[in-house]
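Right, one structure below, let's go through it.
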Amino acid sequence: MLRDESCGATHPGHEDCFRRLGLRGLRKHDRWGYGMPKFLIEASLTTQGVKGLQSEGGSSRREAVSKAVESLGGSLESFYFAFGKSDVLVVADMPDNESAAAMALSVNASGAVSTRTVVLLTPEEVDSAASRSVEYRPPGG
């Protein structure tokens, strides 16, 4: 547990400090006791990726993705194959945006897969965002 000198609280569990610092206290905790961001990874297989899937199988791909996510300090929540625009849908907890970017860079560099990564928000995070005051002027306004 970390002691936050700015508020005097021991984390995790000090919800006022979580809110003040914009931390995700309702999520699975990372090694520092703060909530991890959750990501949706949509993947499309290239011809090379489809051939690899045919030879290795689907379970092997799930294990490879789980190992890659864990190597970045995250955890795999779900892994599904799908019909349509995306061949694979993954939901993973990752320590930060940099970890998600590292995953995307490595996977896309393989040439076997093309990914799109989406940051997922909880309903409570959207509530918090909706309650914030934003000074915005639209173009031409």
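The values are calculated or read from the model by the stated rules, or taken from the named source; none is laboratory data. The model shown is predicted, which means the values in this text are computed figures rather than measured ones. All Cβ positions, even for glycine, are placed from backbone atoms using ideal geometry, and neighbour counts span all protein chains on display.
Filtered by the rule that a residue be surrounded by 18 or more Cβ atoms within 10 Å (Cβ to Cβ) and assigned to a loop (DSSP other than H, G, I, E, B), region 35-71 gives Met36, Pro37. A search for C-beta distances below 7 Å between a residue of region 69-83 that is in contact (Cβ under 8 Å) with a residue 12 or more places away in the chain and any residue that is of a type in the set (S, T, N, Q) and part of a strand (DSSP E or B), counting only pairs 6+ apart in sequence or on different chains, returns Val69/Ser75.
Pick from region 80-118 the residues that are in a loop (DSSP other than H, G, I, E, B) and acidic (Asp, Glu): which of them is nearest to Leu53 (Cα to Cα)? That would be Asp87.
Is at least one residue of region 111-120 out of contact with any Lys or Arg (no Cβ under 7 Å at 6 or more places or on another chain) and free of Cβ contacts under 8 Å to residues at least 40 places away in the same chain? Checking region 111-120: not a single residue is out of contact with any Lys or Arg (no Cβ under 7 Å at 6 or more places or on another chain) and free of Cβ contacts under 8 Å to residues at least 40 places away in the same chain.
When restricted to residues that are touching a residue at least 40 places away in the same chain (Cβ under 8 Å) and of a type in the set (Ser, Thr, Tyr), region 39-68 contains 2. Tell me, please, whether a residue that is modelled with pLDDT of 95 or more, in the same structural domain as Leu120 (by TED's automatic domain parsing), surrounded by fewer than 19 Cβ atoms within 10 Å (Cβ to Cβ) and over 20 Å from Val118 (Cβ atoms) can be found in region 74-86. Within region 74-86 (the criterion being modelled with pLDDT of 95 or more, in the same structural domain as Leu120 (by TED's automatic domain parsing), surrounded by fewer than 19 Cβ atoms within 10 Å (Cβ to Cβ) and over 20 Å from Val118 (Cβ atoms)), the answer is no, since none of the residues qualifies.
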